[in-house]
Every structure is written in C-alpha cells, then in structure tokens.
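Asks: To start, I am sharing the structure in question, which I have written as structure tokens.
The values are calculated or read from the model by the stated rules, or taken from the named source; none is laboratory data. Computed from a prediction, not measured in an experiment: that's the story for all the values here. Every residue, glycine among them, receives a Cβ derived from its backbone with ideal geometry; neighbour counts consider all protein chains shown. The protein model used for the area step is the full one, side chains on, heavy atoms only, and it has no ligands, DNA or RNA in it. Shrake-Rupley method; radii C 1.70, N 1.55, O 1.52, S 1.80 Å.
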Amino acid sequence: MTTTFQEPGTDATFGFEFWSAVTGTVVSDTAQVNTGPRSIKCTGSAPGNNATVQSTVGITAAGGRVSIYFRFANLPNLNAGIMQLLNASNAVVITVGVLTTGLMFLADGNGNDLGGGGSITLSTGVWYRICLAYTITSTTVNEFRVFVDGVQDQTISNVTLTTITPARFFAGLMGDITSDRILNLDDVYVDDS
C-alpha cells in the first residue's frame, strides 16, 4: 500500500504549491483548523461558482481511498458536491456530495443520484473525516464506499458509470450553490489500498 499525505491544509507554506490547481474563492485559513496552524477555506457564492482544490497525486485508476477532514460553516442551501474523482479529460467519474439536510449522496458524471443514500447527518461547526474508498473494474463493475469518522455511511456496487479511469480529485464546494457557503478542509490523505 502506498499512502500519500497530500496536504496538511497549507500548514507548510501557507500556500497551494502542493495542489495541481485552485478554482474560485479558496484561501489559507487560520480561524478554523483540524490540526496544525491552517486549513483550506472554500467559499461558494453562486451556481457553478466552484471553490475547489485539485490534485493528481496518489490517485489510481483501479481503486484507492481519498480521506479528507471537512468542516461546514453552513450546510449547502442546494445539494452540493464536496469531493469528486475525475478522469484525465476532466470528466467526472463519481461525486460525493451533501444534501441540504446534511445527509450525503453519491452521483455519477451526469449528476444522477446513484442511490445508497447516507444515514449520518452532518452538522455545522464540526470536523468530519470523510473517506471515499473505490474499486473500478469497468463502467458496470465497481464499488464505492463512503465513511464518516470511520463509520461506513453508504455503499453502492455495480452501478453504470458514464466514465471511468480516475486520474485526479477535486475537494471543496461544487455545484449549484447560492448565497455564501463556507467549507474548510484539512489533513488530506490518498492511498491505493
């Protein structure tokens, strides 16, 4: 198993040198941290106005895990993605998102709910370790599991995907967000287990 401690929330340099790209309103934040002196603060304010960081480090096509600590200042007022796996052409393989109720969901590349629905309700002002574990053999042979603080929240298997072969991941606020929504992320791990 290869584990990559991707980024401790801009602790090392107070910048985004370890990320492939930053989109939207994303800053290094000292007000809310899980560990260390800083976290990454993403602010979304309009539909399609994503606030994300992107990385290609440690992502494997066949399977692996992405684990990130998230803290919501406020829950999305429309269903929003918080983590995505994308292929090399930036087509979405899978989205992990949060409903307005605080429950989590999984969606395909077209934004279609893949079922499985979460049962753990997320609250504001709390740090959660959210982990996406995945195995992908083909567009119809696959498995995705979402864990919240080590507790399995949902599993879907052998759903029809629009694309496969993840090569990068996004984390932050994605989708049809209206009015200011704030999400912090910290302590990002990626492994190929």
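Asks: For the chain, what is the accessible area per residue in Å², given a 1.4 Å probe and the full set of protein chains?
Replies: Values: 7670 Å² over 193 residues.
Normalised by residue count, the accessible surface of the chain is 40 Å².
Asks: Give me the dipole magnitude in Debye, nearest 20, for the chain about the Cα centre, with unit charges on the beta carbon: positive for Lys and Arg, negative for Asp and Glu.
Replies: Values: 8 positive and 15 negative charges, 21 e Å.
Magnitude of the dipole: close to 100 debye.
Asks: Roughly to the nearest percent, how much of the accessible area of the stretch 1-144 is carbon and sulfur, given a 1.4 Å probe? Show your work: numbers first, answer last.
Replies: On the way: 2970 of 5850 Å².
That fraction is 51 percent.
Asks: What distance in nm separates the simple spin-label points at Val126 and Ser45, each placed 7 Å from Cα in the Cβ direction?
Replies: Inter-label distance under the simple model: 3.0 nm.
Asks: Quick one: Cα centre-to-centre distance for the stretch 13-76 and the stretch 101-140, in angstrom?
Replies: The distance from the Cα centre of the stretch 13-76 to that of the stretch 101-140 comes to 17 Å.
Asks: I would also like to ask the following. Run through all the Cα pairs of the stretch 107-156 and give the fraction in each 5 Å bin from 0, expressed as whole percent.
Replies: 5, 17, 25, 26, 15, 9, 2, 1
Asks: Next question, about the same structure. For the chain, with equal point scatterers placed on the C-alpha atoms only and solvent neglected, what are the log10 I(q)/I(0) values from the Debye formula at q = 0.08, 0.13, 0.18, 0.19 1/Å, to two decimals?
Replies: -0.22, -0.60, -1.24, -1.41
Asks: Using only C-alpha positions, report the orientation-averaged shadow area of the convex hull of the stretch 9-60, nm², one decimal. Display every interim value, and only then the final one.
Replies: On the way: hull surface 17.5 nm².
Seen from a random direction, the Cα hull of the stretch 9-60 projects 4.4 nm² on average.
Asks: Whose amide H sits under 5 Å from the amide H of Gly109, counting only residues 5 or more places off or on another chain, with H placed in the peptide plane?
Replies: Thr162, Thr163
Asks: Translational diffusion coefficient of the stretch 46-118 at 4 °C, 1.567 mPa s, Stokes-Einstein with Kirkwood Rh over Cα pairs, in µm²/s as a whole number.
Replies: Numbers: Rh = 13.5 Å.
Answer from the Stokes-Einstein relation: 96 µm²/s.
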